[in-house]
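**Q** Questions regarding the structure given below will be posed in turn.
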Amino acid sequence: KLKKIDGYRLNVVDDDHKLLGSLGTAKLLSADKNTKIDTLLSKQKRPHILVTAYMHEMINHPGWISNRQLPVVDRNGVYLGELDYETVVSYQQESMLDRKPLEPFGSMLSLAGIYWLSVSWLLESLFSNKNKNHRG
């Protein structure tokens with residue numbers, strides 16, 4: 001059952017609300033009650049989005065390849081909240097409807113970014129399913 005909930009990540013902050021990292025819920029729930037949280041944190045720095053990022057930076061962020069949500073921080077690393085990929089895409093689509101059409105080159109770049117993001121998700125999905133089937 002722990003594997004089913006391991007997709008959820010908890011962001012861990014210090015006393016100054018600076019983002020320290022993230023922790024899988026399964027790892028937290030399976031830890032001994034005396035274990036300190038900082039010892040459970042992933043050694044890899046979790047991708048995040050700066051609050052000052054432009055829309056094209058958010059939509060093309062490489063962190064979306066392996067995360068459905070990304071933490072948002074300010075310049076000092078202070079955790080401000082979580083941003084969901086579907087929200088970013090929805091906002092971009094709405095804002096594009098409200099604007100005049102972009103030059104063709106800009107539209108092609110946006111489409112190319114979405115295309116490669118989709119391809120990477122597809123490949124990740126195929127490899128993760130192959131590994132699951134291979135194990136069992």
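Laboratory data are not the source of any read-out in this text; all were calculated from the coordinates shown. None of the values given here were measured: they were computed from a predicted structure. Note that each Cβ is placed from the backbone with ideal geometry, even for glycine, and that neighbours are counted across all protein chains shown.
**Q** Rounded, prolate or oblate: which fits the stretch 10-53, taking a ≥ b ≥ c as square roots of the Cα gyration tensor eigenvalues, rounded meaning a/c under 1.5, else prolate when a/b beats b/c? List each step's numbers first, then the result.
**A** Numbers: a/c = 2.85, a/b = 1.94, b/c = 1.47.
It is prolate, given that a/c is not under 1.5 and a/b is the larger ratio.
**Q** At a Förster distance of 30 Å, what's the computed FRET efficiency of residue 121 paired with residue 14, Cβ-Cβ distance as r, to 0.05?
**A** On the way: r = 32 Å, r/R0 = 1.08.
After rounding to 0.05, the efficiency reads 0.40.
**Q** Please check which bits of the stretch 59-76 a label hung off residue 42 would reach, taking the label as a point 7 Å along Cα-to-C-beta and the cut-off as backbone N under 11 Å.
**A** 63-71
**Q** Given the Cα-Cα distance of residue 114 and residue 65 and 0.36 nm per residue of separation, how much length would full extension add, in nm?
**A** Working: separation 49, 0.36 × 49 = 17.64 nm, distance 1.12 nm.
Residue separation times 0.36 nm, minus the Cα-Cα distance, leaves 16.5 nm.
**Q** To the nearest 0.05, what FRET efficiency results for residue 53 and residue 31 with a Förster distance of 41 Å applied to their C-beta separation? Can you show the working numbers first?
**A** Values: r = 33 Å, r/R0 = 0.81.
Approximately 0.80, to the nearest 0.05.
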